[in-house]
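Structure first, commentary second.
The values are calculated or read from the model by the stated rules, or taken from the named source; none is laboratory data. No experiment lies behind these values; they were computed from the predicted model shown. Cβ coordinates were reconstructed from backbone atoms using ideal geometry, including for glycine residues, and neighbour counts include every protein chain displayed. Surface areas here come from the heavy atoms of the whole protein model, side chains and all, with no ligands, DNA or RNA. Shrake-Rupley method; radii C 1.70, N 1.55, O 1.52, S 1.80 Å.
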Amino acid sequence: MLDNLLKRRSQYALGESLPIPKKETDRLIREAIRQAPSSFNSQSSRAVILFGEESRKFWHLVEEALRIIVPEADFPKTQKRIGGFAAGAGTVLFFEDQSVVGELQEKFPLYAENFPIWSEHSTGMAQLAVWTTLADVGIGASLQHYNPLVDDKVAATWDLPESWKLRAQLPFGSNEAQVAEKTFIDDSYRFRTFG
């Protein structure tokens, strides 16, 4: 598993070519989310997997939402960045089903305040599972967060349940450039070992 994590890097130069068929990519994404752990086995993570034009449709929604709030002078840079995500083969939209969170809060009131936090843990694990799985087969990706900016338009465009809360977006595709070397802060700032 650690070898797979070492392959996972943010790839911003994405292309449409995939090293494996679209159907297999879809299967891997679903299985990675299915196998990701969740508190109380809640399985609260949800995903919308977009390929081709459907993915570009999502990034168009993001671009239009940003056009309203980004200063005009800065917009070309923003537009280029969004265009880079849209250039990929697809995008995974990650959601957490708030109805599951609410049911757990009612069923286990002692832990009620923790279930929203644990739901965020679940989505983080699902995101890492998908990203690492894709990296393992040579598919580049980067994790993005344009929610809640586009939440309502996404729900309407793909007719999603009201209880699904958008948490992150993972554009993916072929690796069209070498990814930058990852740097790390000194271990003394991050870790303590006892015993």
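So, in segment 158-195, of the ones that are among the charged types (D, E, K, R), outside any loop (DSSP other than H, G, I, E, B) and in contact with a helix residue (DSSP H, G or I) (Cβ under 9 Å, 6 or more places away or on another chain), which residue ends up most open to solvent (accessible area, probe 1.4 Å)?
Lys165
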With respect to Gly88, is the statement that it is in a helix (DSSP H, G or I) and modelled with pLDDT of 95 or more true?
no
Suppose the filter is within 15 Å of the chain's Cα centre (by Cα), under 28 Å from Ala180 (Cα atoms), part of a helix (DSSP H, G or I) and small (Gly, Ala, Ser); does Gly124 pass it?
yes
The one condition in (1) open to solvent by less than 30 Å² (accessible area, probe 1.4 Å); (2) part of a helix (DSSP H, G or I) that Val48 fails to fulfil:
(2)
Could you please tell me which pairs satisfy a Cβ distance under 9 Å, a separation of 6+ or placement on different chains, a first residue in segment 7-35 that is within 17 Å of Gly140 (Cβ to Cβ), and a second residue that is open to solvent by 80 Å² or more (accessible area, probe 1.4 Å) and assigned to a helix (DSSP H, G or I)?
Tyr12/Arg81
Going through Ala141, Ala155 one at a time, which residue ends up being open to solvent by less than 100 Å² (accessible area, probe 1.4 Å), without any contact (Cβ under 8 Å) to a residue 40 or more places away in the chain and closer than 30 Å to Gln98 by Cβ?
Ala155
Working only within segment 15-38, note down all residues that are among the aliphatic types (A, V, I, L, M) and within 14 Å of Val92 (Cα to Cα).
Leu28, Ile29, Ala32, Ile33
For the condition open to solvent by less than 20 Å² (accessible area, probe 1.4 Å), more than 24 Å from Asn175 (Cα to Cα) and at pLDDT 95 or above, what is the one hit in Glu106, Glu96?
Glu96
